[in-house]
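Asker: There's a structure below that I have some questions on.
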Amino acid sequence: MYGLIGKNLSHSFSKEIHESFGNKEYELISTKNIGEIIDSKNLLGFNVTIPYKTEIMKFINKFDPIALKTNSVNTVVLKENEYYGYNTDYYGFLELIKFYQVDIEGKNILILGNGSVSNTIVLALNELNAKSIVRLCRNKKYPEDDLYQNLNKYHYYDIIINTTPVGMHPNNTDELLIELDCFTKLSLVIDLIYNPLRTKLLLEAEKRNIKVINGLYMLVMQAKKAHELFFNCDLPINLANKIFKKLLKKMYNFVFIGMPLSGKSKYAKFFSDNLTKKLYDTDQEIEDILGCTIFDYFQSHSEEEFRMFEIEIIKMLYKNHNSIISTGGGAIKKYINIDLLKQNGIIIFLNKNPEEIAEKNIQGRPLIKSKEDVLRIAQERLPIYEKACDISIAITRDTVYHINEIKEKIDEYLNSQWS
């Protein structure tokens with residue numbers, strides 16, 4: 001048997017990745033005592049994650065050179081009844097840099113954290129001829145370390161790499177370790193976290209038009225190298241890339257926003273049925289909890305009360321993966337909803353002409369009593385929809401046409417993430 005050993009593995013995609021490589025005996029193994037796993041010799045090979053990448057080294061005495069240099073092991077293989085430790089994160093990070101065509105040479109790079117993973121990243125960056133490397137941390141351990149409160153000394157740095165678990169599932173809303181406003185030359189933020197797909201740090205970078213990369217590709221590539229060590233084989237890079245792209249598309253939620261009666265529920269149901277993604281409708285979720293219609297709720301409650309309730313519903317959904325989420329028309333009025341939904345979601349704006357919506361016979365909508373209400377709401381919300389979305393679809397033709405258009409734009413969006 002093979003597996004991943006860690007303390008909290010609810011966030012992990014490793015089982016699915018290794019199964020995609022052909023290892024059907026790979027399991028997730030949570031433990032508070034990694035020594036027991038070693039003593040049992042029940043595993044032919046395993047990966048190691050937080051918080052055991054350094055601790056594991058106390059229990060084995062055979063290491064590859066990279067593991068020794070970084071004081072970090074994330075892959076262990078049983079050979080002749082003895083465990084050997086490897087650092088395949090190093091390979092995974094180098095492949096990430098190559099895949100995204102990141103130019104490291106001559107760059108000033110700021111690393112968040114000084115744990116075992118940061119050692120791996122420092123070694124790789126030195127090999128790629130980074131100009132300077134500084135690790136920001138709470139407690140200094142190495143010569144290149146500095147404290148978070150000294151951030152302003154590095155405002156001219158080019159690249160930030162987060163190696164800490166801050167913002168990782170299930171603690172998606174952790175406070176940021178640093179603010180980005182002081183940087184004057186920042187061109188790229190890499191967060192080695194892959195769940196959520198867009199951490200708060202990456203979202204803050206995106207708001208400033210800074211390129212972002214998450215850690216999913218690194219995860220797939222280090223798993224590729226681990227599989228090769230487990231089974232003494234070579235896997236084609238094209239297979240690994242195919243698995244990565246398929247996994248990324250699967251893990252993303254597709255989130256529909258737009259005016260009432262713009263078609264959100266219709267398109268959401270189609271994509272849920274055809275992509276085997278679970279469907280959630282935030283208005284329906286609210287009604288199920290309230291035990292009454294939203295229209296009836298508004299008879300004795302204010303819009304602000306409803307919006308706060310809506311936030312709580314979205315907090316229940318945003319950590320999901322592989323889902324379709326249809327939102328209420330006014331959900332975007334609270335920008336926290338967009339910040340949350342973007343963590344694992346591609347936001348798709350269905351932009352239907354408000355004049356066409358206004359001509360419909362609208363009933364059961366508490367905020368729409370007349371055509372003028374539709375036009376007033378549209379004037380308020382359309383700029384917010386446009387700002388919030390990752391993809392905008394002008395609804396001007398038949399449903400089949402727009403289904404194909406949405407598919408194409410989703411593929412374009414995903415392709416843009418690695419081009």
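Asker: At 1.4 Å probe size, with every protein chain present, just tell me what the per residue accessible area of region 5-115 comes to in Å².
Answerer: Dividing the accessible area of region 5-115 by its residue count gives 44 Å².
Asker: Can you list residues whose amide H is under 5 Å from D146's amide H, if they're 5+ apart or on another chain and H is modeled 1.01 Å from N?
Answerer: Under 5 Å from the amide H of D146 lie the amide H atoms of R135, L136, C137, each far enough along the sequence or on another chain.
Asker: Which whole-Hz ³J(HN,Hα) couplings does region 356-363 yield from phi under the Karplus relation 6.51 cos²θ - 1.76 cosθ + 1.60, θ = phi - 60°, glycine and proline marked x?
Answerer: Karplus-based 3J(HN,Hα) across region 356-363 equals 5, 4, 5, 7, 6, 7, 9, 9 Hz.
Asker: Sticking with this structure for a sec: Mind checking the per residue accessible area of region 222-280 for me, 1.4 Å probe, whole number of Å²?
Answerer: With all protein chains present, region 222-280 gives 46 Å² per residue.
Asker: What dipole magnitude, in Debye to the nearest 20, does the chain give about its Cα centre under +1 on Lys/Arg Cβ and -1 on Asp/Glu Cβ?
Answerer: It works out to roughly 520 debye.
Asker: Counting other Cβ atoms within 10 Å, which chymotrypsin sites (Phe, Trp or Tyr not before Pro) in region 79-171 have at most 11 and lie in a DSSP loop?
Answerer: Y156
Asker: Given the convex hull over the Cα atoms of region 121-266, what projected area results after averaging over all orientations, in nm²?
Answerer: 12.8
Asker: How much of the accessible area of the chain, in percent, comes from carbon and sulfur atoms when a 1.4 Å probe is used?
Answerer: Carbon with sulfur: 48 percent of the solvent-accessible area.
Asker: Further question: Please give the calculated 222 nm ellipticity per residue for the chain, where each DSSP H segment of at least 4 residues contributes -39500 (n - 2.57) and the sum is spread over every residue; nearest 500 deg cm²/dmol?
Answerer: Mean residue ellipticity, 222 nm, calculated: -12500 deg cm²/dmol.
Asker: Using each residue's phi in region 300-313, evaluate 6.51 cos²θ - 1.76 cosθ + 1.60 at θ = phi - 60° and report the 3J(HN,Hα) Karplus result to the nearest Hz, with x for Gly and Pro.
Answerer: Karplus-based 3J(HN,Hα) across region 300-313 equals 10, 9, 7, 4, 4, 4, 5, 4, 5, 5, 4, 4, 5, 5 Hz.
Asker: So, for region 134-175, what is the accessible surface per residue at a probe of 1.4 Å, expressed in square angstrom?
Answerer: 53
Asker: Ordered by residue, what ³J(HN,Hα) values in Hz, to whole numbers, does region 340-352 give under the Karplus form 6.51 cos²θ - 1.76 cosθ + 1.60, where θ = phi - 60° and Gly and Pro are x?
Answerer: So the J values, rounded to whole Hz, are 6, 5, 6, 4, 10, x, 8, 8, 10, 8, 8, 9, 8.
Asker: Which shape class, rounded, prolate or oblate, goes with the chain when its Cα gyration tensor gives a ≥ b ≥ c as root eigenvalues, a/c under 1.5 marks rounded, and past that a/b bigger than b/c marks prolate?
Answerer: Here the chain falls in the prolate category.
Asker: Pull out a ≥ b ≥ c, the square roots of the eigenvalues of the alpha-carbon gyration tensor of region 351-419, then state rounded if a/c is under 1.5, prolate if not and a/b is larger than b/c, and oblate in the remaining case.
Answerer: Because a/c hits 1.5 or more and a/b exceeds b/c, region 351-419 counts as prolate.
Asker: Still on this structure, I have one more. Please tell me which of these pairs span more than 18 angstrom C-alpha to C-alpha: K211/K334; K278/K319; K211/K242; K69/K131; K200/K250?
Answerer: The pairs that break the limit, which is 18 Å between Cα atoms, are K211/K334; K211/K242; K69/K131; K200/K250.
Asker: Also: What nm value, rounded to one decimal, do you get for the distance between K207 and E16 when each label is placed 7 Å out toward the C-beta?
Answerer: Inter-label distance under the simple model: 2.8 nm.
Asker: Where in region 252-290 is the amide nitrogen less than 20 Å from a point lying 7 Å along the Cα-to-Cβ axis of E355?
Answerer: Within reach of a label on E355: 259-263.
Asker: Normalise the Debye intensity by I(0) for region 198-289, one equal point scatterer per Cα, no solvent, then take log10 at q = 0.10, 0.11, 0.17 Å⁻¹ and round to two decimals.
Answerer: Evaluating at q = 0.10, 0.11, 0.17 Å⁻¹ gives log10 I(q)/I(0) of -0.47, -0.55, -0.96.
Asker: Place +1 on the Cβ of every Lys and Arg and -1 on the Cβ of every Asp and Glu in region 267-419, take the dipole about the Cα centre, and give the residue among Y401, L275, Q417 whose Cα lies farthest towards its positive end.
Answerer: Towards the positive end, the residue furthest out is Q417.
The values are calculated or read from the model by the stated rules, or taken from the named source; none is laboratory data. Computed from a prediction, not measured in an experiment: that's the story for all the values here. As a convention, Cβ positions derive from the backbone with ideal geometry for all residues, glycine included, and neighbour counts pool all protein chains shown. Areas reflect the complete protein model, heavy atoms only, side chains present, ligands, DNA and RNA absent. Shrake-Rupley method; radii C 1.70, N 1.55, O 1.52, S 1.80 Å.
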